[in-house]
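In what follows, a single structure is set out as structure tokens and then discussed.
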Amino acid sequence: MKKILFADDEEALLSAMQGSLEEAGYMVITAPDGEKGLALCLEHQPDLVITDNQMSPVDGLEMVRGIRQAGATVPIIVHCSSLNGRLKAQYQEQGVKTFLDKPVTEEQLFQAVALELGQEQQSQTKT
């Protein structure tokens with residue numbers, strides 16, 4: 001079972017996405033901010049990290065930098081409401097390839113997760 005770390009300070013969104021991903025067969029670890037996300041990433045070594053950008057006290061970019069400084073090469077998806085070109089470039093410098101705009105649909109989420117994990121997307125929508 002693939003393990004995903006999901007960091008977001010929006011509790012309702014975090015809970016909803018956790019439920020969707022778990023229903024799709026993934027093990028999900030959640031973090032309410034980048035500081036906790038970094039600690040959990042280093043502790044649990046997930047197969048994928050999904051993070052919001054705007055979190056406090058540690059934002060998504062700082063969390064990603066911390067992950068990379070620790071030597072982890074885990075794939076990372078950034079999902080956020082808005083991301084300017086400069087900030088996107090800073091994420092890309094850290095190896096981030098996939099960006100999702102909020103609000104994200106389950107289908108978009110599942111496609112991005114499958115792409116980053118190198119999996120063929122299965123039919124994972126609720127019936």
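The values are calculated or read from the model by the stated rules, or taken from the named source; none is laboratory data. This one's a predicted model, so the numbers in the text were calculated from it and none came from an experiment. Using ideal geometry, Cβ is built from the backbone for each residue, glycine included, and neighbour counts are taken over all protein chains shown.
Here is how the numbers come out for the structure above:
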{"read-out": "Count of the stretch 12-28 residues which are of a type outside the set (S, T, N, Q), surrounded by fewer than 18 Cβ atoms within 10 Å (Cβ to Cβ) and either in a loop (DSSP other than H, G, I, E, B) or touching a Phe, Trp or Tyr at 6+ places or on another chain (Cβ under 8 Å) (or both)", "value": "1"}
{"read-out": "Every pair of residues 6+ apart whose Cβ atoms lie under 9 Å, when the first sits in the stretch 1-25 and is over 24 Å from Glu62 (Cβ atoms) while the second is among the aliphatic types (A, V, I, L, M) and part of a loop (DSSP other than H, G, I, E, B)", "value": "Gly25/Met1"}
{"read-out": "From the options Glu62, Glu43, residue that is surrounded by 13 or more Cβ atoms within 10 Å (Cβ to Cβ), without any contact (Cβ under 8 Å) to a residue 40 or more places away in the chain, among the charged types (D, E, K, R) and over 19 Å from Glu116 (Cα atoms)", "value": "Glu62"}
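Listed here are the residues, each with its yes/no results for (1) at pLDDT below 95; (2) under 14 Å from the mean Cα position of the chain (by Cα); (3) polar (S, T, N, Q).
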site: Met1; (1), (2), (3): yes, no, no
site: Leu13; (1), (2), (3): yes, yes, no
site: Gln18; (1), (2), (3): no, yes, yes
site: Glu23; (1), (2), (3): no, no, no
site: Ile29; (1), (2), (3): no, yes, no
site: Pro32; (1), (2), (3): no, yes, no
site: Leu40; (1), (2), (3): no, yes, no
